[in-house]
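The values are calculated or read from the model by the stated rules, or taken from the named source; none is laboratory data. Being a predicted model, the structure only gives us computed values, none of them experimental. Cβ sites come from the backbone with ideal geometry, for glycine too, and all protein chains shown count toward neighbours.
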2 protein chains.
Amino acid sequence: MISLQDCKSRDAADTLAPLRQLFNLPQGMIYLDGNSLGALPSAVPHRVAQVVADQWGRDLIGSWNTAGWFDLPRRVGDRIAPLIGAGAGEVVATDTTSVNLYKVLSAAINLVEQAEAEHAEGQVRATRRTIVSERSNFPTDLYIAEALCRERGWNLRLIEPHEVHTNLGPEVGVLMLTHVNYRSGAMHDMPGITAAAHAAGVLAIWDLCHSAGAVPVELTKSDADFAVGCGYKYLNGGPGAPAFAWVHPRHVARCWQPLAGWWGHARPFAFTPGYEPAMDITRYQCGTQPIISLSALDCALDVFTEADKLGGMPALRTKSLALTDLFIELVETYCPGQFELVTPREHALRGSQVCLTPASSLPAGCAYAIVQALIARGIVGDYRAGDAQQSDILRFGFTPLYLSYENVAMAVQGLQEVLNDREYAQPRFNRKHAVT
Amino acid sequence: MISLQDCKSRDAADTLAPLRQLFNLPQGMIYLDGNSLGALPSAVPHRVAQVVADQWGRDLIGSWNTAGWFDLPRRVGDRIAPLIGAGAGEVVATDTTSVNLYKVLSAAINLVEQAEAEHAEGQVRATRRTIVSERSNFPTDLYIAEALCRERGWNLRLIEPHEVHTNLGPEVGVLMLTHVNYRSGAMHDMPGITAAAHAAGVLAIWDLCHSAGAVPVELTKSDADFAVGCGYKYLNGGPGAPAFAWVHPRHVARCWQPLAGWWGHARPFAFTPGYEPAMDITRYQCGTQPIISLSALDCALDVFTEADKLGGMPALRTKSLALTDLFIELVETYCPGQFELVTPREHALRGSQVCLTPASSLPAGCAYAIVQALIARGIVGDYRAGDAQQSDILRFGFTPLYLSYENVAMAVQGLQEVLNDREYAQPRFNRKHAVT
């Protein structure tokens, strides 16, 4: 049995432990929800105050040049790039994940239709008109795909995660997957699936919302086509921080995306009526960006610069797996038979979160109340409701940047107490809606 | 001749003068660029610090509920509504102007095509497939229209401002205009043009970027169909603050917009795969919003709550016209024959800015250098380059919330000195690019 002392010893030996000092975390809280909203990096309040008081308040309009506001989406993109295996000048931090997905999915559709038109020497042959995605993908991804299918006369086919390889037929143009599932924490084999898609003539779009900053991602090595991701989860950019978009350099100047605003223009300050898209990732920008929120994300990425000195994403991944392994082991030891593990146990098949579903020995519908009882104890995870296909789940995110082995042990001890004392049965832990 | 003492007397009698105390303006600066980036309201730094430290840092994920982050776009929208003559629940503060224009223009196209399909009882008759806009509209509006025309098989026709009434033929589906022109400051007759559009069976979309907070706008009374606008100009929401969208209630549930992300879903927390748009303006939301930037805008709108106690938009308009009239009169008095007025002189035909173009008596291409020389003196206006159709201009925005009559007098005195001393001829005032 692993003791609390064992966990403390592991913390003492943890070379990443100093990174926790880079965050302001509430005293006494064990925060296992960084997969939903990352914690506040300590440097951010000062940076934000500076942007507000000095850049906006004092320098006003001059800051577009002197503070580099106009280039900020590309500069922040360049800082995200190494975390996702992309090159400099290939990523832009802008807009929201949903909006960016609309851009890259539109571009992918344009690319497919264009290639077919060229192949048929001007005569369009409508062959590949299907987008394949996962039924349990984060809903907004499916909504955006549905919208584009409606606009463009394509079809959206929803499949189970294990059905990808058998759904890459000649009618499929685009495969759109989320690398790490928001609900289960299951991770797809990005290089393998991308290779299979390409072998079948299908473009691969990856949503990295639950991967960027959480697991090593190799977009270039995987030869992916397009990617989008989130700034406010494992990148700790703050609530609703701008998202990001990446396009493989082989496609970037070859196809067009319809959110063609002035920030994506080749010469935005020429103020000419005709749209000329920039020849690089800049064309995936659209309108003026929320500079205060974007600056918070920029500052938050300093944490990864520090993490790089201690081994970077590979070291973070090693610790993430150690934390999640420990959590699983402790739950199985101290809460035996009370939960089923929803997240795959195998390392290669999961991200940085662990999801549990209450076993049938526990009262039906108790998942929400257990999460609330844990939160009341300062152990913050979250809850996702089930439906006909899926069970209710308890979701725990493990951010190696600020979590310790002791935190994990204390979280499981709290869980054990909530179960033993039937705290979840208290009326104050009533169900209400939850936020991703 | 108007003396500086006259101006000081007018300031002493100005009931809106106390509003200036609600802004942090740099000592000694006369800021005539609030039409590009509004000044910093004094209350914003504290609010932003609170959002960062308390809502994000301390309450973390719980703030989605406790701080009302999820409803913030609608709450801020409700505060913008009275400034633009819209009702509660009709406006949403979200995304960027370009992205919002894509939404409402898509919706308008859908509405036109839908009405024709219904009229023909299922048989689509492609009659109205033209969008009419102004050649000198802000370019991003034209780029977005161009993009949608490309996607949807429509045409974009660009006209001069005086040609609107003769361009509302049976082939036109949508008229898309910016109420106050970003360059000239000229203002369209919103009620008259909307009525003419409707009489011709054409939908009217209004871009309020240079109107909201600057001039009284009456969307409902004008019977407009759709509107978008900017949060960071006269609303003072900070650099790149989220924009807004309004849809007339008669249309809102009747047509669909393709940026159909989860924040526009009728039940976003059901996490179901099929998209069901909300039945109100919520459907014009898409993805998770930048809460820090949106909170700054929310706080900035407190200034208008204070202004309401002193007469609100009508009083602000009266002062704005008095300031701009004074500016024009002083320029014509103290810099006689050196500029031509680009902005219409008639009150009903202009917004809250004044644009000048150097007369032929001044050296060719001196407009940029004059603006730079003024900035060096702490008089901040901006410059817009001309082209084959348009002259170079000096652009001055007059925000009655924080400008005094004395400011206007001192600005013109500065302009006179720049001209008399030929300061604009100094090499340090070299041309480089400018930002809207």
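Tell me which residues, restricted to region A:390-410, are over 18 Å from the mean Cα position of the chain (by Cα), among the hydroxyl-bearing types (Ser, Thr, Tyr) and in a loop (DSSP other than H, G, I, E, B).
Looking only at region A:390-410, we keep the residues that are over 18 Å from the mean Cα position of the chain (by Cα), and these are A:390-394, A:403-410.
Now narrow it down to the ones that are among the hydroxyl-bearing types (Ser, Thr, Tyr): A:391, A:404-405.
Within region A:390-410, A:Ser391, A:Ser404 qualify.
Out of the residues in region A:1-17 that are touching a residue at least 24 places away in the same chain (Cβ under 8 Å) and among the aliphatic types (A, V, I, L, M), which is surrounded by the fewest Cβ atoms within 10 Å (Cβ to Cβ)?
Only one residue fits best here, namely A:Met1.
Considering only residues that are more than 7 Å from every other protein chain (Cβ to nearest Cβ), free of Cβ contacts under 8 Å to residues at least 60 places away in the same chain and in a helix (DSSP H, G or I), look in region A:52-62 and name the one that is nearest to B:Leu297 (Cα to Cα). Walk me through it before giving the result.
Step one: of region A:52-62, the residues more than 7 Å from every other protein chain (Cβ to nearest Cβ) are A:54-55, A:59, A:62.
From the residues that got through so far, the ones that are free of Cβ contacts under 8 Å to residues at least 60 places away in the same chain too are A:54, A:59, A:62.
Now narrow it down to the ones that are in a helix (DSSP H, G or I): A:54, A:62.
On the way: A:Asp54: 17, A:Gly62: 20 Å.
Once the filter is applied, the top-ranked residue is A:Asp54.
Name the single residue, out of those in region A:18-29 being more than 22 Å from the chain's Cα centre (by Cα) and either more than 10 Å from every other protein chain (Cβ to nearest Cβ) or of a type in the set (A, V, I, L, M, F, W, C) (or both), that is surrounded by the most Cβ atoms within 10 Å (Cβ to Cβ). Step through it out loud before you land on a result.
Of the residues in region A:18-29, the ones more than 22 Å from the chain's Cα centre (by Cα) are A:18, A:21, A:26-29.
Then keep just the ones that are either more than 10 Å from every other protein chain (Cβ to nearest Cβ) or of a type in the set (A, V, I, L, M, F, W, C) (or both); that gives A:18, A:21, A:28-29.
Details: A:Pro18: 12, A:Gln21: 10, A:Gly28: 8, A:Met29: 17.
Looking at the filtered set, the residue picked out is A:Met29.
If you take the residues of region B:339-354 that are within 16 Å of the chain's Cα centre (by Cα) and part of a strand (DSSP E or B), which of them is farthest from B:Pro314 (Cα to Cα)?
B:Val354
Going by the structure shown, is B:Gln257 facing chain A (nearest Cβ under 9 Å) and in contact with a Lys or Arg (Cβ under 6 Å, 6 or more places away or on another chain)? Steps first, answer last, please.
On the way: facing chain A (nearest Cβ under 9 Å): yes; in contact with a Lys or Arg (Cβ under 6 Å, 6 or more places away or on another chain): yes.
The answer is yes for B:Gln257.
Report, by residue number, each residue of region A:30-40 that is over 13 Å from the mean Cα position of the chain (by Cα), within 8 Å of chain B (Cβ to nearest Cβ) and among the hydrophobic types (A, V, I, L, M, F, W, C).
A:Ala39, A:Leu40
With at pLDDT 95 or above and within 14 Å of chain B (Cβ to nearest Cβ) as the only criterion, which of A:Leu83, A:Leu142, A:Leu111 stands out? Working first, answer last.
Numbers: A:Leu83 fails: within 14 Å of chain B (Cβ to nearest Cβ); A:Leu111 fails: within 14 Å of chain B (Cβ to nearest Cβ).
Within the list A:Leu83, A:Leu142, A:Leu111, the selection yields A:Leu142.
Filter region A:145-199 down to residues that are touching a residue at least 60 places away in the same chain (Cβ under 8 Å), away from chain B (no Cβ under 14 Å), within 27 Å of A:Gln390 (Cα to Cα) and crowded, with 17+ Cβ neighbours inside 10 Å, then give me how many there are.
Qualifying residue count for the region: 6.
Counting just the residues of region A:340-367 that are hydrophobic (A, V, I, L, M, F, W, C) and more than 24 Å from A:Lys233 (Cβ to Cβ), which one comes out surrounded by the fewest Cβ atoms within 10 Å (Cβ to Cβ)?
So the first thing to find is which residues in region A:340-367 are hydrophobic (A, V, I, L, M, F, W, C), and the list is A:341-342, A:348-349, A:354-356, A:359, A:362, A:364, A:366-367.
Add one more test, that the residue is more than 24 Å from A:Lys233 (Cβ to Cβ), and what stays is A:359, A:362, A:364, A:366.
Values: A:Ala359: 12, A:Leu362: 18, A:Ala364: 8, A:Cys366: 19.
Filtering region A:340-367 for residues that are hydrophobic (A, V, I, L, M, F, W, C) and more than 24 Å from A:Lys233 (Cβ to Cβ), the one surrounded by the fewest Cβ atoms within 10 Å (Cβ to Cβ) comes out as A:Ala364.
Just checking, does region B:223-232 include any residue being in a loop (DSSP other than H, G, I, E, B) and surrounded by fewer than 24 Cβ atoms within 10 Å (Cβ to Cβ)?
The initial filter retains those residues of region B:223-232 that are in a loop (DSSP other than H, G, I, E, B), namely B:223-225, B:230-232.
Next, only the ones that are surrounded by fewer than 24 Cβ atoms within 10 Å (Cβ to Cβ) stay: B:223.
Yes: region B:223-232 contains one or more residues that are in a loop (DSSP other than H, G, I, E, B) and surrounded by fewer than 24 Cβ atoms within 10 Å (Cβ to Cβ).
Return the only residue of A:Ser98, A:Ser36 being of a type in the set (Gly, Ala, Ser), touching a residue at least 40 places away in the same chain (Cβ under 8 Å) and not assigned by TED's automatic domain parsing to the domain that holds A:Leu297.
Numbers: A:Ser98 fails: not assigned by TED's automatic domain parsing to the domain that holds A:Leu297.
Going through A:Ser98, A:Ser36 in turn, just one is of a type in the set (Gly, Ala, Ser), touching a residue at least 40 places away in the same chain (Cβ under 8 Å) and not assigned by TED's automatic domain parsing to the domain that holds A:Leu297: A:Ser36.
Since A:Thr127 meets every condition but one in (1) surrounded by fewer than 19 Cβ atoms within 10 Å (Cβ to Cβ); (2) within 14 Å of chain B (Cβ to nearest Cβ); (3) among the polar types (S, T, N, Q); (4) touching a strand residue (DSSP E or B) at 6+ places or on another chain (Cβ under 9 Å), which condition does it not meet?
(2)
For the condition within 19 Å of the chain's Cα centre (by Cα), within 13 Å of chain A (Cβ to nearest Cβ), within 26 Å of B:Leu19 (Cβ to Cβ) and touching a residue at least 12 places away in the same chain (Cβ under 8 Å), what is the one hit in B:Pro239, B:Pro216?
Working: B:Pro216 fails: within 13 Å of chain A (Cβ to nearest Cβ).
None of the other options fit; the residue is B:Pro239.
So which of A:Trp256, A:Trp246 is of a type outside the set (Lys, Arg) and modelled with pLDDT under 95?
Numbers: A:Trp246 fails: modelled with pLDDT under 95.
Of the residues listed, the single one that is of a type outside the set (Lys, Arg) and modelled with pLDDT under 95 is A:Trp256.
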